[in-house]
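These notes are about the structure you will find just below.
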Amino acid sequence: MKKVLIGAAVLASLAAGSVAAQVPADRAVKYRQSALTVMSTSFGRIGAHLKGDIKLDNAALASNAEVVSLMSHYAFDGFIQGTPQPSTTGKGAKAEIWKEWDKFKKMQGDLQAATARLSTAAKAGDAEGIKTAFGEAGKSCKACHDAYRDQ
């Protein structure tokens, strides 16, 4: 968990100011990939806990949910016009993001709202709230991936 928090802190420090104004396109892609990887790792831990695959205490659940919420904000700083991810792996950002920017930004806001609810529920120790918010956040992630990620 300490490594995730350190990674989140590094990303937060990099996010100071506008990424778009300071970072070349290739670095913006790496930035968003890193933020989404950190987010995915913490989200996966919460999911594994909810499935019963691992046991997390309330503090660990809250910490992972907070990382997910933070990364849902930081990741989008790396989506800069003209920076679709090269599809060498078959997975990457589609160019449609920039053609449908308003729709993409709405999906971003939906994700951020869902992850904020997840963080709030986890901090409160609300087991049912965590399950509900986790499902909402997962649906939000999937909707954006379905629309804007090469699969």
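The values are calculated or read from the model by the stated rules, or taken from the named source; none is laboratory data. As the structure is a computational prediction, the values presented were derived from the model and not from experiment. Here Cβ is always computed from backbone atoms with ideal geometry, including for glycine, and neighbour counts include all displayed protein chains.
Observations
- Candidates are the residues of region 114-128 that are crowded, with 16+ Cβ neighbours inside 10 Å and not charged (D, E, K, R); the one that is nearest to Val38 (Cα to Cα) is Thr115.
- Conditions (1) surrounded by fewer than 16 Cβ atoms within 10 Å (Cβ to Cβ); (2) modelled with pLDDT of 95 or more; (3) not aromatic (Phe, Trp, Tyr): number failed by Gln151: (2)
- Hits in region 22-39 - residues which are among the aliphatic types (A, V, I, L, M), surrounded by 17 or more Cβ atoms within 10 Å (Cβ to Cβ) and in a helix (DSSP H, G or I): Ala28, Val29, Ala35, Leu36, Val38, Met39
- Search result, residues across region 40-69 that are without any contact (Cβ under 8 Å) to a residue 60 or more places away in the chain and in a helix (DSSP H, G or I): Ser40, Thr41, Ser42, Gly44, Arg45, Ala48, His49, Lys51, Ala59, Ala60, Glu66, Ser69
- Within region 129-147, the set of residues being closer than 19 Å to Ala93 by Cβ and surrounded by 20 or more Cβ atoms within 10 Å (Cβ to Cβ) comprises Ser140, Cys141.
- Test: residue in region 41-50 that is at pLDDT 90 or above, out of contact with any Cys (no Cβ under 7 Å at 6 or more places or on another chain), surrounded by 13 or more Cβ atoms within 10 Å (Cβ to Cβ) and among the basic types (Lys, Arg): yes
- Count - residues of region 114-132 that are free of Cβ contacts under 8 Å to residues at least 24 places away in the same chain and not charged (D, E, K, R): 5
- Ser72 vs. criteria over 23 Å from Val29 (Cβ atoms), of a type in the set (Gly, Ala, Ser), touching a residue at least 40 places away in the same chain (Cβ under 8 Å) and crowded, with 17+ Cβ neighbours inside 10 Å: no
- Failed criterion for Gly135 (all others in (1) in contact (Cβ under 8 Å) with a residue 12 or more places away in the chain; (2) within 18 Å of the chain's Cα centre (by Cα); (3) part of a helix (DSSP H, G or I) hold): (1)
- The condition of being touching a Phe, Trp or Tyr at 6+ places or on another chain (Cβ under 6 Å) and either modelled with pLDDT of 90 or more or not in a helix (DSSP H, G or I) (or both) holds for Gln81.
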